[in-house]
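Chemist: Mind looking over this structure? Questions follow.
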Amino acid sequence: MWELIIVQPLTNLLLWIYDVLGHGPHMFGLAIILFTVLIKLVTWPLNASQVKGAQAMQELQNDKEWQDIQKKYAKDREKLAQEQMRIYREKGINPFASCLPTLIQFPIIIGLYQSIIRALSVTPLDMLKLARTVYPFQNVENIIPLNSTFLWMDLGRPESIQILGFGLPTLAVIVALTTWMQTKLTMPATSNPNDQTAQMTRMMSIYMPLMLGWFSLTFASGISVYFIISNILGIVQYAATGRANWRNLIPGASKQTSPAKK
Amino acid sequence: MKTKKLTLFFLLIIGALLISACTGQPLTNNFPGLTADAERAYISTGSFIYAVDVQNGRQVWSYPESADNEFLYFANPVLTEDGQLLIGSAGTNHAFISLDPATGNEKWAEPFSGAKGAWVASPLVFNDTIYAPNTDGYLYVLDLNGNQVSTPIEIGGALWSAPVTDGTYIYLNSLDHHFHILNPNTNQLADPIDLGGAAPGSPTVGNDGVYAGSFSSDVKFIAPNGRNDVIASASDWIWGAPAFDNETLYYADLSGNIFSLDLKTNRQNWDSLQPDGPVTASLLVVGDQIYVATEAGSFIALDRDGKIVWEKTPGGKIYTTPVLSNDLILVAPYQAEFALAAYDADGKQAWTFTPNK
């Protein structure tokens with residue numbers, strides 16, 4: 001089922017884009033970039049609702065009732081959590097909305113990883129799987145084997161640049177950085193340092209870059225290209241709303257402006 | 001809050017592990033490689049290479065002592081006349097090694113490590129020289145001590161199959177859709193010949209030239225001077241090397257069709273034969289029987305008229321070309337309960353081999 005619904009369509013989409021691009025050197029990297037743009041377009045409504053959710057969270061910080069319960073139940077965490085959930089329900093806010101797009105990306109990431117490995121076919125067994133994956137309309141005899149070169153990378157393998165004898169994982173660093181930027185920019189400003197949702201989001205801004213950076217370090221660099229383009233598009237989409245919190249990118253800046261710290 | 005931080009952290013770790021697990025098998029995975037002489041069979045199945053006594057199916061040795069994921073072996077090992085067993089690693093370490101077939105001990109002072117890609121193909125040993133094709137698109141030329149004797153020859157495209165020779169020229173297929181002819185005296189390549197599709201299997205030497213199949217589904221005859229013609233077609237990709245036997249060429253395709261081409265008349269000896277599932281292994285002709293191994297896991301003996309003499313299902317899938325050792329046909333299934341099985345000409349199973357734990 002997973003194969004039929006996820007891996008097969010993704011692989012064929014990648015191959016089709018690669019074929020349209022002319023299947024030369026660097027074209028598989030471009031195919032992954034175009035594929036990412038397509039995925040972003042398809043998931044645009046989901047991301048838009050996430051942006052709305054984040055905005056609602058930001059506005060909630062200035063809500064009088066919200067601020068009152070923070071003070072009132074400051075020493076009763078259980079009651080505070082109950083009251084917060086009540087307000088979320090009443091205002092139709094999903095406190096985990098900022099995490100959802102990232103979580104929903106997971107099946108796409110897994111499928112894309114399998115599709116890239118399948119499409120690049122580094123072993124005869126992979127090639128056999130590819131033969132069974134392609135749809136009849138694909139002109140696959142002409143395009144395989146795929147050219148896995150993109151810029152300085154082999155998209156089928158983890159990336160690193162050799163500097164003074166050390167392999168520097170450039171893409172993993174860029175993935176971690178762009179993931180951190182995206183999470184930070186979409187992080188709602190909070191007037192309450194004990195706000196649990198905000199703290200969860202802050203934790204995400206630490207763990208998500210580390211986790212995706214680790215994936216990039218371990219898996220085929222084609223995945224890293226997907227992460228980077230996806231993150232950049234996510235940042236652009238959020239910035240387009242005019243609500244991006246650019247000050248969050250400056251360490252300490254958000255704390256200085258936080259009303260709670262005044 | 002610390003508890004929540006920890007919970008979130010562990011949830012993310014579990015998520016990471018799940019994704020790692022869901023991505024499936026290791027980066028490099030493949031079906032086994034197999035070769036044999038009159039005493040032993042040699043099977044490469046990932047981290048290990050095993051030597052098996054063909055008399056009784058018992059393990060003689062295994063290499064290396066413990067698994068190292070940097071080194072993975074899937075190519076058919078190659079025996080040399082001077083008593084070496086050659087194979088390259090398809091893992092992240094691209095070492096090309098020589099073992100003592102009797103003991104499994106390394107024979108060279110150090111492995112050849114000059115290739116940039118994985119070793120999927122077996123080498124050809126010709127005139128005391130090793131011609132080793134690599135997935136980096138180069139043919140490496142080594143002496144029998146593992147030293148490079150000339151600059152690598154750029155072929156183009158990943159090389160997945162062993163070169164062959166007619167005693168004068170060296171012929172090899174490439175995934176770059178081309179067939180290449182090398183003069184071993186000068187290391188000069190003739191103009192590449194377009195096969196119309198990637199060619200993962202070896203070509204086959206015939207009487208006056210070479211036969212090559214490819215993903216174009218055509219079989220081409222190529223003369224040493226480069227003249228070439230399509231002499232037959234299949235209905236799907238041709239993977240394994242065609243099998244040449246006197247005036248007949250046997251080949252199969254990924255749809256599971258088995259063909260028998262009369263080379264005198266250029267006509268098929270039978271109309272349609274599709275016994276059981278896709279075929280990637282080359283067909284093996286021994287005496288009056290043609291042995292077919294299918295992905296569906298069937299091991300079939302045909303007579304020359306295309307009639308099934310017997311059919312066995314050893315288990316797992318069979319992608320590896322069966323080999324002959326003495327009077328036994330050895331089959332190496334993939335993902336089966338055992339790594340190797342031996343059958344006689346009547347289809348009686350002589351033994352199976354499972355690696356020692």
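Please treat every number below as a calculation from the coordinates, not as lab data. Only a predicted model underlies this, so the values are computations on that prediction, with no experimental measurement involved. Backbone-built Cβ (ideal geometry, glycine too); neighbour counts: all protein chains shown.
Chemist: Please list 3J(HN,Hα) in residue order for the range B:97-112, calculated via the Karplus relation 6.51 cos²θ - 1.76 cosθ + 1.60 where θ = phi - 60°; whole Hz, with x for glycine and proline.
Modeler: Karplus values, whole Hz, x for Gly and Pro: 10, 10, 10, 7, x, 7, 10, x, 6, 5, 9, 7, 4, 8, x, 7.
Chemist: If you don't mind, another one. How far is helix A:124-133 tilted off the main Cα axis of chain A, in degrees rounded to 10, range 0 to 90?
Modeler: 70 degrees
Chemist: Would you mind estimating how fast the range B:201-357 diffuses translationally, via Stokes-Einstein at 37 °C and 0.692 mPa s with the Kirkwood radius over Cα pairs, in µm²/s?
Modeler: It comes out at roughly 208 µm²/s.
Chemist: Once you average over the residues of A:138-149, how many Cβ atoms of partner chains fall within 10 Å of each Cβ?
Modeler: Mean partner-chain Cβ count within 10 Å for A:138-149: 3.
Chemist: Something else about it: Cα atoms only: what Rg and Dmax, in Å, come out for chain A?
Modeler: Taking only Cα atoms of chain A, I get Rg and Dmax of 21.7, 70 Å.
Chemist: To continue, here is another question. Local charge sum around B:Leu249 (other residues, Cβ-Cβ under 14 Å, Lys/Arg +1, Asp/Glu -1)? Intermediate values should be presented prior to the final figure.
Modeler: Working: positive: B:Lys220, B:Lys264, B:Arg267, B:Arg304; negative: B:Asp208, B:Asp218, B:Asp229, B:Asp245, B:Glu247, B:Asp253, B:Asp262.
Local net charge: -3.
Chemist: Using a 10 Å cut-off on Cβ to Cβ distances, tally the other chain neighbours for every residue of B:214-221 and report the average as a whole number.
Modeler: Mean inter-chain Cβ contacts per residue within 10 Å come to 1.
Chemist: A further question follows. Can you tell me the alpha carbon radius of gyration of the protein assembly as shown divided by the globular rule-of-thumb value 2.2 N^0.38 Å? Spell out each step's value before the answer.
Modeler: Values: Rg = 29.4 Å, N = 619, 2.2 N^0.38 = 25.3 Å.
In units of the globular-protein estimate, the protein assembly as shown measures up at 1.16.
Chemist: Can you tally the net charge around B:His177? Count Lys and Arg as +1, Asp and Glu as -1, for every other residue whose Cβ sits under 10 Å from the Cβ of B:His177.
Modeler: That sum, taken over residues with Cβ under 10 Å, equals -3.
Chemist: Let me ask something else. At q = 0.10 Å⁻¹, what log₁₀ I(q)/I(0) does the range A:61-179 have when each alpha carbon counts as one equal point scatterer in the Debye sum?
Modeler: So the normalised log intensities work out to -0.62.
Chemist: Something else about it: Out of B:Val54, B:Val230, B:Val205, any idea which swings most in a Gaussian network model of chain B, alpha carbons joined below 10 Å?
Modeler: Highest fluctuation of the listed residues: B:Val230.
Chemist: Sticking with this one: Rounded if a/c is under 1.5, else prolate if a/b beats b/c, else oblate: with a ≥ b ≥ c from the C-alpha gyration tensor eigenvalues square-rooted, which is the range B:163-207? Provide the component values of the computation, followed by the final result.
Modeler: Details: a/c = 2.31, a/b = 1.40, b/c = 1.65.
Oblate shape, in that a/c is at least 1.5 and b/c is the bigger or equal ratio.
Chemist: Find how much the distance from B:Lys307 to B:Thr354 grows on full extension, using 0.36 nm per residue of separation minus their present alpha carbon separation; answer in nm with one decimal.
Modeler: 13.7 nm
Chemist: Give the span of chain B's Cα atoms along each principal axis, as three whole-Å numbers ordered largest to smallest.
Modeler: For chain B, the Cα spread along each principal axis is 82, 48, 42 Å.
Chemist: Continuing with this model, one more query. Order by neighbour count: A:Lys184, A:Lys75, A:Lys129, A:Lys91, fewest other Cβ atoms within 10 Å first, most last.
Modeler: Least to most surrounded, the residues fall as A:Lys75, A:Lys91, A:Lys129, A:Lys184.
Chemist: Also: Could you state the per residue volume, in Å³, of the convex hull enclosing the Cα atoms of the range B:275-352?
Modeler: Taking the convex hull of the Cα positions in the range B:275-352, it is 73 Å³ per residue.
Chemist: Going by a ≥ b ≥ c, the root eigenvalues of the Cα gyration tensor, does the range B:207-254 fall in the rounded group (a/c under 1.5), the prolate group (a/b larger than b/c) or the oblate group?
Modeler: Working: a/c = 2.31, a/b = 1.38, b/c = 1.67.
Oblate is the answer for the range B:207-254, as a/c is 1.5 or above yet b/c matches or exceeds a/b.
Chemist: Determine the calculated [θ] at 222 nm for chain A from helices alone, applying -39500 (n - 2.57) to every DSSP H run no shorter than 4 residues and normalising by the residue count; nearest 500 deg cm²/dmol.
Modeler: Theoretical 222 nm ellipticity from helices: -21000 deg cm²/dmol.
Chemist: Sort out for me the Cα centre separation of the range A:130-157 from the range B:166-193, rounded to whole Å.
Modeler: First find each Cα centre; the distance between them is then 25 Å.
Chemist: Now, a different point. What is the Cα centroid distance between the range B:287-357 and the range B:78-112, reported in whole angstrom?
Modeler: Using only Cα atoms to place each centre, the spacing works out to 27 Å.
Chemist: Using alpha carbons only, how many degrees (0 to 90, rounded to 10) separate the axis of helix A:44-60 from the longest principal axis of chain A?
Modeler: That works out to roughly 20 degrees.
Chemist: Where is the GNM fluctuation largest for chain B (alpha-carbon springs, 10 angstrom cutoff): B:Gly287, B:Gly88, B:Gly347?
Modeler: In this elastic network of chain B, the residue with the biggest mean-square fluctuation among B:Gly287, B:Gly88, B:Gly347 is B:Gly287.
Chemist: Then there is this: If you take the C-alpha gyration tensor of the range B:64-172, multiply each eigenvalue by 5 and take the square root, what semi-axes do you get, largest first, in whole Å?
Modeler: That gives 20, 17, 12 Å for the three semi-axes.
Chemist: Sticking with this one: As an exercise, use a Förster radius of 45 Å and the Cβ-Cβ distance of B:Ser255 and B:Asp208 to find the FRET efficiency, rounded to the nearest 0.05.
Modeler: 0.90
Chemist: Find the relative contact order for the range A:2-261 and round it to a whole percent, using C-alpha pairs within less than 8 Å whose residues are 6+ positions apart.
Modeler: 26 percent.
Chemist: Follow-up question, since we're still on this one. Can you compute the helix-only [θ] at 222 nm over chain B? Use -39500 (n - 2.57) per DSSP H run of at least 4 residues, normalise by all residues, nearest 500 deg cm²/dmol.
Modeler: Details: 1 runs with 21 residues, N = 357.
Using -39500 (n - 2.57) per qualifying helix, the result is -2000 deg cm²/dmol.
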